[in-house]
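Here is the structure we will look at.
Values in this text are rule-based calculations from the coordinates and carry no lab data. The structure displayed is predicted, hence computed values, not measured ones. Ideal geometry is used to build each Cβ from the backbone, glycine not excepted, and the neighbour counts take in all protein chains shown.
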Amino acid sequence: MSKPAKPAAPAGDQPPKSKKMLIIIIAAVVLLAGGGAAAYFMMKPAHPDKHAAKVEDAGDEEEEDDDAHPKVPPKFVELGTFTANLVQEEADRMLQVEISIKLSKPELEEKAKERNPEIKHRINMLLQSKRASELSTIEGKEVLAQQIKENVEFVMGLRKVAPPIQTSHPGEDGKTEKIPESSHSKKGVAEVLFTSFIIQ
């Protein structure tokens, strides 16, 4: 007796093709994941930039320092207008200059005001030791500002040794030589400012 034939599968149900499709999808997902990982490792630098890390660390430290020591705005003290006869060269010349000082420590403002007469005396003596040719250049004005700074710091007790008040001579090339800043200086007078500077 012969066995009955198996019923034919419906036309829409095709098991072999669905297995192939599932394998293709899994393979595509694996390939995409592998490609993404490969791209990530290729784009990522092998060694992190040490300099960048140091800069970031330094930035963090500066922020911590700023929080620990808040910045105090500088104080400006006007010393007034000075008029001085300059050392005679070809003709009599006169200097009129308005001077202010920038203090990095606000507590020095009172000391500067208390000792204002002595500060003015030393500045007047310094200005009268100058020649017009020395003060006609930017370099000459910078030297004068540095000398005034040193004298103000001495009067305020920020320097141990009194700076000399004398005529400085231009160098061989005609430029005034800059005076190196003394190592005895402590922080306090940040800058000397000429708000007006007229040679007549």
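Below is a table of values for the structure above.
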| item | result |
| --- | --- |
| Residue list for the stretch 117-134, given a label point 7 angstrom along the Cα-to-Cβ vector of Asp92 and an amide N cut-off under 16 Å | 128, 132 |
| Stretchable slack from Ala28 to Ile198, in nm (0.36 nm times residue separation minus alpha-carbon distance) | 52.9 nm |
| Cross-link pairs Lys71/Lys102; Lys71/Lys120; Lys105/Lys130; Lys71/Lys130; Lys71/Lys141 - those with Cα-Cα distance over 26 Å | Lys71/Lys120; Lys105/Lys130; Lys71/Lys130; Lys71/Lys141 |
| Extended-chain gain in nm, criterion 0.36 nm per residue less alpha-carbon gap, Phe76 and Glu107 | 10.0 nm |
| Inter-label distance, nm, simple model (7 Å from Cα along the C-beta direction), His121/Glu191 | 3.0 |
